[in-house]
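Take a look at the structure set out below.
Here, each number is a calculation from the coordinates, and none is a lab measurement. Just so we're clear, the structure is a prediction, and the values are computed from it rather than from any experiment. Glycine also receives a Cβ, built like all others from the backbone with ideal geometry; neighbour counts cover every protein chain displayed.
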Amino acid sequence: MKLTKPLFILVTVLAISSCTKIYKKPETAVTIKEAYKENFYIGTALSQSQIEEKDPMVTALISKEFNSITPENIMKSMFTHPEQDRFDFKLSDKYVAFGEKHNMFIHGHTLIWHSQLAPWMAQIKDSTAMADMMTNHITTIVSKYKGRINSWDVVNEALNEDGTLRKSVFLNSYGKDFLTLAFKLAAKADPKTDLYYNDYNLCNAKKRKGAVDMIKNLQKNGAKIDGVGEQGHWNLTSPSLDEIEQTILDFSALGIKVAFTELDITVLPSPWDVVGADVNQKSEANEKMNPYPKVLPDSVQQQLAARYEAIFKLFLKHQDKISRVTLWGVNDGQSWLNDWPIRGRTNYPLLFDREFKPKEAYTSVLKLKEAKK
Ligand code: G3I
């Protein structure tokens, strides 16, 4: 079909305006890590293929935009210590080398966690065997990377929602002092690395109180703890900014650093209105629960941008208390939230889209700093 002149103009205008939907960073803007370099580290979680630098474009983006990294999976005990007498450092060596090559703050995740646990560890029944396991596990791994891994999640997710200690193989076999033991072992293996307790839903008052008491107990027992990691698996409205602020204030009042360690904002409906990260919860997918399979509507894109902007504004207000803000993944396609709590959905929780293009949320976080200049 031959286009008439008016039709040709209309088609051209439509084509140009649809291109503007691809959010391009303004030429003059710095990258996000540069924008926040005086405030706190801006981190991301790396998948195995990102650690192995399978795609040079993705490696370039990671090193340009982020100055801190966390291994999303490969340093969990099922990978690093798969059998009682066998450690496997193939991937964690690559991970640390990646961070050093790109001059990044390198975080270790995680030493003691009930999930993605090496199966043999789950069989431990008595306190002596648990103490032996923790001594060997923590001492070997932390010593190996002494002076190279800048901070560790020593214990991950030890609390229930009501603030009590979660039933786990560690608690069952050793008792509540497994936390003190873990932090003391880590400090002995590398006295200079920063040691964190990391958990989700710490903005909830009861769980936060449980964490505060737990940290006070560690301090009373003479264990070194340098910081708390609030994971930050949040949604468009919850937790409130007040709850986030209270969390920053309560933890920093203990004399420790606050890090936001796994930040992502789900835009999808929750089957139980649950905010958090209990990986055991799953539910069947259906259309109602997966409303944006192709593209995120502009209105939601803007809500996401506004939510990120408000959160980073609060982070800036408390920058003296915050050590690091880490996004849980580089781009939307990589996010665990596409498969949790329902498998196979299309979620949009991060700052870069599936094509690694910066989203409106990215621009809003960046503009916040530009506005301050
Ligand atoms: O590697 C296998 C692959 O071989 C297989 O084909 C595929 C099929 O499902 O599964 C792959 O393993 C998955 C693994 O991620 C690597 O992608 C597991 O099923 C999946 O359960 C696992 O999920 C991870 C989750 O921790 C497990 O607990 C997520 O990637 C990771 O983002 C998530 O991270 C946790 C933090 O460590 C702690 N805080 C909560 C956070 C979110 O759950």
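Ranking VAL365, VAL169 by Cβ neighbours within 10 Å, fewest first, what do you get?
VAL169, VAL365
Within 10 Å of each residue's Cβ, count the other Cβ atoms and sort LYS192, LYS207 from fewest upward.
LYS192, LYS207
Given N residues in the chain, what is Rg(Cα) / (2.2 N^0.38 Å)?
That ratio works out to 1.04.
Would you mind counting up the charge near MET133? Only other residues with Cβ under 14 Å from its Cβ, with Lys and Arg at +1 and Asp and Glu at -1. Working shown, then result.
Details: positive: ARG86, LYS125; negative: GLU83, ASP85, ASP126, ASP132.
Spelling it out: positives minus negatives among the neighbours equals -2.
Using a Gaussian network for the chain with springs between C-alpha atoms less than 10 Å apart, which of these wobbles most: GLN123, GLN302, GLN231?
Highest fluctuation among the options: GLN123.
Between LYS224 and SER115, what is 0.36 nm times their sequence separation minus the Cα-Cα distance? Round to one decimal in nm. Let's see the in-between values first.
On the way: separation 109, 0.36 × 109 = 39.24 nm, distance 2.41 nm.
Taking 0.36 nm per residue and subtracting the Cα distance, the gain is 36.8 nm.
May I ask you to order 84-96, 130-142 by the average number of other C-beta atoms within 10 Å around their residues, highest value first?
Ranked by mean Cβ neighbours within 10 Å, highest first: 130-142, 84-96.
What percent does the relative contact order of the chain come to when contacts are Cα pairs within less than 8 Å and at least six residues apart?
Relative contact order comes out at 17 percent.
Please find, in a Gaussian network model of the chain (springs between Cα atoms separated by less than 10 Å), the residue of THR346, THR110, THR128 whose mean-square fluctuation is greatest.
Residue with maximal mean-square fluctuation among THR346, THR110, THR128: THR128.
Which of PRO71, PRO191, PRO349 moves the most in a Gaussian network model of the chain with Cα springs under 10 Å?
Highest fluctuation among the options: PRO191.
Placing +1 at every Lys and Arg Cβ and -1 at every Asp and Glu Cβ, with all other atoms neutral, what dipole size does the chain have around its Cα centre, in debye to the nearest 20?
It works out to roughly 700 debye.
Which of ASP353, ASP126 has the fewest other C-beta atoms within 10 Å, and how do the rest follow up to the most?
With the sparsest Cβ surroundings first, the list reads ASP126, ASP353.
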